[in-house]
1. I want to check the label-to-label distance for E196 and A247. Put each point 7 Å from Cα in the C-beta direction and report it in nm to one decimal.
2. In the chain, once you exclude exposed GluC sites (Glu not before Pro) (DSSP loop, at most 14 other Cβ within 10 angstrom), what's the longest stretch remaining?
3. Can you pull the one-decimal nm distance between simple spin-label points at A312 and A299, each 7 Å off the Cα toward Cβ?
4. Roughly speaking, what is the stretch gain from D36 to T289, that is 0.36 nm per residue apart minus the C-alpha to C-alpha distance, in nm to one decimal?
5. Which lysines, if any, have their Cα less than 20 Å from the Cα of K102, not counting same-chain residues under 8 positions apart?
6. Please compute P(r) over all alpha-carbon pairs of the range 237-301, binned at 10 Å starting from zero, and give each bin as a whole-number percent.
7. So what is the relative contact order of the chain, in percent, for Cα pairs below 8 Å that sit 6 or more residues apart?
8. On a 1.4 Å probe surface of the protein chains, which of T169, T302 comes out largest in accessible area, and what is the full order?
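The values are calculated or read from the model by the stated rules, or taken from the named source; none is laboratory data. These numbers were taken from a predicted model, which means no experiment stands behind them. All Cβ positions, glycine included, derive from the backbone under ideal geometry; neighbour counts span all protein chains shown. In case anyone asks, the SASA skips ligands and DNA or RNA and just uses the protein heavy atoms, side chains included. Shrake-Rupley method; radii C 1.70, N 1.55, O 1.52, S 1.80 Å.
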Amino acid sequence: MKVAVHPCDRGGCGHYRLLFPVDVLQAEGHDIVVADGFDAYHDTVTGRIIRPVIDADVVVLQRPLVKAVVEAIPRIQSLGIAVVVEVDDDFHALPKGHGARKGTSVENDPTYNRMWLRRACEQADLVTVTTPALAERYGAHGRVAVLPNLVPASYLAVPSTPPRESAPTVGWTGSVVTHIGDLEVMGGVVPGVLEETGARFVSWGVGLTEEALGVKGRVRPWADLRGAYPRQVADLDVGLVPLAPSAFTNAKSALKMSEYAALGVPSVISPSPDNLRMHAEGIGLLARTPADWRHHLTALLTSPDMRSSLAARGREVMAGFTYEEHAGDWWQAWRSAADTRAAGRMVA
């Protein structure tokens with residue numbers, strides 16, 4: 001079986017959902033091609049594909065929001081090629097103010113919007129998602145596979161900073177543009193905790209996190225997931241995973257806390273469904289109220305021994321949640337899509 005995958009980017013979405021598992025599968029000898037873009041264009045007048053699709057048995061489309069791409073799906077399938085649609089966010093529950101809400105609305109662009117994503121999922125031989133909530137949203141037809149986000153095994157080998165006795169660091173690797181209301185669930189306790197413990201704050205991006213929290217700290221630019229990023233995160237003493245309860249966050253994966261744990265960083269987390277799944281495995285301190293956030297952050301930042309113990313536990317747990325351990329789940333899912341398409345051809 002040959003698979004052609006089309007990541008939507010070369011950032012977090014593309015890597016965690018396609019490129020990282022593909023690395024492992026290719027190393028195992030599986031025939032997979034990574035495309036720079038979508039190679040088929042559906043001519044709606046003649047009904048033919050003007051540019052040929054990559055020669056493959058399965059084509060994987062990540063977040064297909066473009067009209068021309070989605071309209072090509074039936075034509076691709078008519079050639080006997082299975083189509084898998086990969087979705088890792090609930091585009092139909094984006095909160096007000098989210099950077100992608102207006103950008104994926106029908107009113108903003110009739111040829112690029114979340115309506116086309118839904119149609120792609122309806123047509124797909126298989127939809128792959130990160131959480132059960134996304135399976136309900138985009139895979140109600142039953143042709144769906146939940147493939148939880150994992151981490152590369154290489155993260156487990158990144159040296160972590162020994163717990164600092166003084167001036168420990170606490171940080172957040174998110175963006176306020178895509179995490180609407182999430183920082184607010186901590187109830188404004190961070191400035192006080194920093195003052196009481198002598199801790200320093202670290203964020204990634206352009207400084208909007210510090211502005212939102214009312215703190216000063218070090219701002220790191222976004223870095224390469226295969227390079228500086230994991231080393232930078234491993235330098236934290238404590239990681240934050242705040243999530244405001246909503247349909248959108250209920251569909252999000254536990255990726256952030258998984259990253260922290262794999263890199264030897266204990267974290268304080270909100271009780272989203274997937275966070276609770278990984279918390280049950282033994283990682284993360286659960287914070288349901290601002291008082292919880294204050295208590296856990298203060299305890300971690302004032303106890304190097306506690307941080308060291310939780311860091312070791314996190315890496316132990318995450319050794320069982322790597323792409324090297326589970327990339328075969330992606331291959332089996334794609335195989336099932338090919339089988340579905342083959343069965344459809346035989347019936348026809």
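1. In this crude spin-label approximation the distance works out to 3.8 nm.
2. Numbers: sites that count: E28, E107, E165.
Formally, the longest exposed-site-free interval is 166-348.
3. 1.9 nm
4. 86.7 nm
5. List returned: K67, K252.
6. It works out to 24, 58, 18, 0, in whole percents.
7. 18 percent
8. On the way: T169 5, T302 85 Å².
Largest accessible area first, the residues go T302, T169.
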